[in-house]
Amino acid sequence: MQGELRSQQWFGKEGKDGFIYRAWMKNQGIPADEFKGKPVIGICNTWSELTPCNAHFRELAESVKKGILQAGGFPVEFPVMSTGETLMKPTAMLFRNLVSMDVEESIRANPLDGVVLLCGCDKTTPSLLMGACSVDIPTIIVSGGPMLTGKYRGKNIATSDVWRFTDELRAGSMTEEDLNVAEAGMCRSQGHCAVMGTASSMACMVEALGLSLPGNAAIPAVDSNRKVLAQLSGRRIVDMVHKNMKLSTLLTREAFENAIMANAAVGGSTNFVIHLMAIAGRIGVPLDIQDFDRLSANIPLLVNLQPSGKYFMEDMYYAGGLPAVMNALRAHLHKDTLTVNGRTVGENALLDATLNPDVISSMEKPFNELSGIVVLKGNLCESGAILKPSAASKSLLQHTGRAIVFENIEDYKLRIDDPALDVDETCVLVLKNVGPKGYPGMPEVGNMSLPKKLLEKGITDMIRISDGRMSGTGFGTVVLHVAPEAAAGGTLALVREGDMITLNVADRRLDVLLDAVELANRKAAWTPPSHDYKRGYVHLYINNVEEASQGADFGFLKGSSGSEVARDSH
Ligand code: FES
């Protein structure tokens with residue numbers, strides 16, 4: 001044991017204070033010896049029936065508790081706000097920073113020596129990790145695991161198909177009845193989205209960062225090995241407390257670089273960029289948006305999963321999971337970085353080779369040479385924008401087209417299917433005011449559906465540009481996270497219908513073909529969009545959220561306040 005346990009500042013106290021700290025806990029039937037120097041481990045639970053991806057977490061927490069008890073720890077489960085992706089309006093992303101504050105303050109304020117973060121649906125992973133980084137006590141992550149693969153009339157389906165189905169319905173090639181059958185077969189079990197969407201990308205991210213036991217990312221939620229991993233994680237966190245293995249000892253610059261390379265190899269979500277930037281900001285590791293492009297440049301797409309390929313998370317598990325990906329990547333990884341199991345990334349990466357090269361391929365014969373995240377610069381995105389090349393159409397990666405401009409999401413919904421809209425497949429769809437401040441909350445609307453009349457012609461992709469995000473399950477030639485965003489007066493705000501826009505992915509450029517004088521004149525005439533958010537959390541959000549290229553965290557939340565509590569009221 002390295003030093004006195006933090007929890008003993010509560011439970012080890014004499015007199016009135018210690019009496020109060022212990023006596024009220026005993027109403028839960030806890031014997032006195034539990035308070036005598038046992039590591040107190042918090043289980044930070046995002047269980048909620050409004051977050052269906054995390055609805056099995058009370059059961060998962062029981063497995064974690066077993067492990068903690070087996071290792072001589074004292075488990076205490078506590079709830080934090082849960083951000084379910086499917087139900088929350090206007091978008092779960094609006095609340096990521098709020099949850100991170102809940103997590104940070106809940107950990108610091110309570111007698112915890114270590115914490116297990118139960119993460120699953122998209123935002124639950126970054127929000128919990130951001131909050132934990134700002135306290136920096138020993139922490140391990142247990143993900144909830146993906147759902148089993150969905151079924152629709154004999155075919156495998158999952159979340160990426162939602163976009164296809166709704167486009168097919170609009171194009172008339174699918175009926176409402178077909179859609180009902182698909183809806184009934186989509187979500188067959190507990191767990192999060194079964195493709196390499198944001199939830200799976202986040203689960204891969206924490207495993208590649210060394211914050212979960214190997215194998216965490218891909219074990220299906222309903223596989224008994226998920227409970228085994230949860231139990232082993234419970235045992236492990238007790239040992240991490242004894243060794244004082246804090247997040248800051250694991251989250252080095254090299255660990256972040258490993259995660260970026262792993263994300264490229266798995267074809268991870270574009271949301272990975274914004275969340276990893278925010279996590280790095282909390283733990284104090286300098287990371288630049290250009291790092292994502294540079295570090296993933298030599299990493300091909302190894303994993304053949306939707307939305308960039310055809311398989312599902314269940315298949316990735318059977319093929320060896322993330323350990324098999326790390327094994328294939330090991331020549332590129334920083335092998336000396338430490339992970340929660342006490343071994344290095346290099347040692348863990350020796351464990352498992354792929355069991356199915358069609359699902360997890362090799363560096364020598366990759367599934368797709370195109371991967372990673374491309375970071376664009378140009379006069380349309382001076383602070384950057386991103387594109388996922390593996391989800392894009394090769395034919396559109398260098399293209400100049402006429403802009404069709406939507407001022408906001410309401411304008412888009414009103415006009416996109418208007419037969420009078422002057423649009424063809426060579427045009428570029430531009431959507432403004434869906435960024436962090438502009439929406440607010442930066443929703444996943446960047447992969448906007450194509451005009452109905454083009455879908456009916458069989459067109460399946462066009463260049464789309466916005467300051468919003470895209471679901472990790474989305475696909476297409478979609479330029480996202482344009483910064484500065486339109487609502488902050490970025491060039492995006494100045495684009496007008498009919499302007500010509502050039503995307504050149506090879507040169508990493510995104511430009512509107514206007515000269516500096518014209519842009520300056522338009523800027524002088526620009527006024528920010530008005531809004532009615534005068535109070536409450538959204539007011540706080542709009543006034544403090546940073547650009548997407550910096551992680552869209554609040555400026556005042558960057559860094560750590562540590563685990564010390566300055567004053568004691570008892
Ligand atoms: Fe929760 Fe996709 S909706 S992970």
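No lab work stands behind these numbers, since they all come straight from the coordinates. Treat the numbers as computed from the prediction; the structure is a model and nothing was measured. Methodologically, a virtual Cβ is constructed for each residue, glycine included, from the backbone with ideal geometry; neighbour enumeration extends over all protein chains shown.
Tabulated results
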item: Flag if ALA184 is among the hydrophobic types (A, V, I, L, M, F, W, C), surrounded by fewer than 24 Cβ atoms within 10 Å (Cβ to Cβ) and more than 13 Å from the ligand (Cβ to nearest atom); result: yes
item: Only listed residue being in a helix (DSSP H, G or I), within 26 Å of GLY267 (Cα to Cα), within 10 Å of the ligand (Cβ to nearest atom) and small (Gly, Ala, Ser), chosen from ALA194, ALA203; result: ALA203
item: Residue in the range 25-41 that is crowded, with 20+ Cβ neighbours inside 10 Å and assigned to a strand (DSSP E or B) present; result: yes
item: Complete set of residues in the range 521-570 that are of a type in the set (A, V, I, L, M, F, W, C), in a helix (DSSP H, G or I) and out of contact with any strand residue (DSSP E or B) (no Cβ under 7 Å at 6 or more places or on another chain); result: ALA524, ALA525, VAL538, LEU540, ILE542, PHE556, LEU557
item: Elements of type strands (runs of 3 or more DSSP E) in the range 70-152, at least 1 residues being within 16 Å of the ligand (Cβ to nearest atom); result: 114-119, 139-143, 150-152
item: Answer residue from the range 82-94, given it is surrounded by fewer than 22 Cβ atoms within 10 Å (Cβ to Cβ) and in contact (Cβ under 8 Å) with a residue 40 or more places away in the chain and is farthest from THR139 (Cα to Cα) among those; result: PRO90
item: Some residue of the range 53-72 being of a type in the set (Ser, Thr, Tyr) and under 30 Å from ASP467 (Cβ atoms); result: no
item: Tally of residues being over 16 Å from LEU117 (Cα atoms) and not in a helix (DSSP H, G or I) across the range 233-250; result: 2
item: Any chance MET448 is touching a helix residue (DSSP H, G or I) at 6+ places or on another chain (Cβ under 9 Å), assigned to a loop (DSSP other than H, G, I, E, B) and closer than 25 Å to GLN398 by Cβ; result: yes
item: Subset of the range 380-426 [under 20 Å from LEU510 (Cα atoms) and assigned to a helix (DSSP H, G or I)]; result: PRO389, SER390, ALA391, LYS394, SER395, LEU396
item: Residue pairs meeting the criteria (Cβ under 8 Å; at least 6 apart or on separate chains; first over 30 Å from GLY489 (Cβ atoms), in the range 438-458; second among the β-branched types (Val, Ile, Thr) and assigned to a loop (DSSP other than H, G, I, E, B)); result: LYS452/ILE416; LYS453/VAL423; LEU454/VAL423
item: Enumeration of residues in the range 329-348 that are over 23 Å from the mean Cα position of the chain (by Cα) and either surrounded by 23 or more Cβ atoms within 10 Å (Cβ to Cβ) or assigned to a helix (DSSP H, G or I) (or both); result: GLY346, GLU347, ASN348
item: The listed residue being buried (at least 24 other Cβ atoms within 10 Å of the Cβ), under 28 Å from GLY342 (Cβ atoms) and either more than 16 Å from the ligand (Cβ to nearest atom) or over 20 Å from the mean Cα position of the chain (by Cα) (or both), out of ALA221, ALA278; result: ALA278
item: Scope the range 447-492; condition within 16 Å of the ligand (Cβ to nearest atom) and within 14 Å of ASN433 (Cα to Cα); matching residues; result: ARG469
